[in-house]
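The values are calculated or read from the model by the stated rules, or taken from the named source; none is laboratory data. Since we're looking at a predicted model, the values are computed, not measured. Cβ placement follows ideal geometry from the backbone for every residue including glycine, while neighbour counts extend to all protein chains displayed. Each accessible area value is taken on the protein alone, full model and side chains, heavy atoms only, with ligands, DNA and RNA left out. Shrake-Rupley method; radii C 1.70, N 1.55, O 1.52, S 1.80 Å.
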Amino acid sequence: MSLAASKQEIVDFMQAAFPRSRFSIVEAGHKAATIRHAVTPDDLRPGDTVSGPTMMALADTALYVAIHATLGITPHAVTSSLNINFLRRPSATQALVAVCKLLRVGRSLVVGEVSICSDGDAEPVAHVVGTYAIPPSR
């Protein structure tokens, strides 16, 4: 497997690969990542709450960043499953923060969990478990 990527290497890769992304990487380290997403009116659904797809994308991105921080830049890693439990309504005016911890890093699969909170609030608004498929080394 490759060497772990630094936070700056991951930021550079993500900006090149996803130039319209509005997520920022707070921390990226071995088997972990924390990312932040500033909530805008585009993220809200009727009822003035953050949409599920916004939170799913945040969790998926946190997993992807943690994989890069652990295995090195792995652009062909793909989500194979993502299960999200919405626990309570997030703030429509605060950023969302996703904290990811990789639970298992294997040769072909990586399993991780993500806790999503409204910025400044320790109580999670969603809990996510995801699996990524890692392509074989060439």
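Do you know which of the residues in region 3-25 that are open to solvent by 70 Å² or more (accessible area, probe 1.4 Å) and not in a helix (DSSP H, G or I) is nearest to ALA95 (Cα to Cα)?
In this case the residue turns out to be ARG22.
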- Item | Tally of residues being modelled with pLDDT under 95 and under 18 Å from the mean Cα position of the chain (by Cα) across region 101-112 | 0
- Item | Residues (out of contact with any strand residue (DSSP E or B) (no Cβ under 7 Å at 6 or more places or on another chain) and either open to solvent by less than 30 Å² (accessible area, probe 1.4 Å) or β-branched (Val, Ile, Thr) (or both)) located in region 57-66 | TYR64
- Can you tell which of ALA92, ALA66, ALA59, ALA122 is part of a helix (DSSP H, G or I), hydrophobic (A, V, I, L, M, F, W, C) and free of Cβ contacts under 8 Å to residues at least 60 places away in the same chain? ALA66
- region 106-117, residues that are under 15 Å from ALA62 (Cα atoms) and open to solvent by 10 Å² or more (accessible area, probe 1.4 Å): VAL111, GLU113, SER115, CYS117
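Matching residues to (1) under 12 Å from the mean Cα position of the chain (by Cα); (2) among the polar types (S, T, N, Q); (3) within 22 Å of SER6 (Cα to Cα); (4) at pLDDT 95 or above:
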residue: THR49; (1), (2), (3), (4): no, yes, no, no
residue: THR61; (1), (2), (3), (4): yes, yes, yes, yes
residue: THR79; (1), (2), (3), (4): yes, yes, yes, yes
residue: LEU87; (1), (2), (3), (4): no, no, no, yes
residue: VAL99; (1), (2), (3), (4): yes, no, yes, yes
residue: VAL114; (1), (2), (3), (4): yes, no, yes, yes
residue: ASP119; (1), (2), (3), (4): no, no, no, yes
residue: HIS127; (1), (2), (3), (4): yes, no, no, yes
residue: ILE134; (1), (2), (3), (4): no, no, yes, yes
- Message: Tally up the residues in region 41-56 that are outside any strand (DSSP E or B), surrounded by fewer than 21 Cβ atoms within 10 Å (Cβ to Cβ) and among the aliphatic types (A, V, I, L, M), please.
- Response: 1
- Considering only region 99-119, state which residues are in a loop (DSSP other than H, G, I, E, B) and basic (Lys, Arg). ARG107
- Query: Given the structure, is ILE134 in contact (Cβ under 8 Å) with a residue 60 or more places away in the chain, of a type in the set (A, V, I, L, M, F, W, C) and in contact with a Phe, Trp or Tyr (Cβ under 7 Å, 6 or more places away or on another chain)?
  - Reply: no
- Item | Pick from region 91-105, criterion in contact with an Asp or Glu (Cβ under 9 Å, 6 or more places away or on another chain) and more than 16 Å from ALA57 (Cβ to Cβ), ranking: least open to solvent (accessible area, probe 1.4 Å) | LEU102
- Task: Looking for whichever is of a type in the set (A, V, I, L, M) and either closer than 17 Å to GLU9 by Cβ or crowded, with 16+ Cβ neighbours inside 10 Å (or both) here; the options are ALA122, ALA28, ALA133, ALA38. Which one fits?
- Result: ALA28
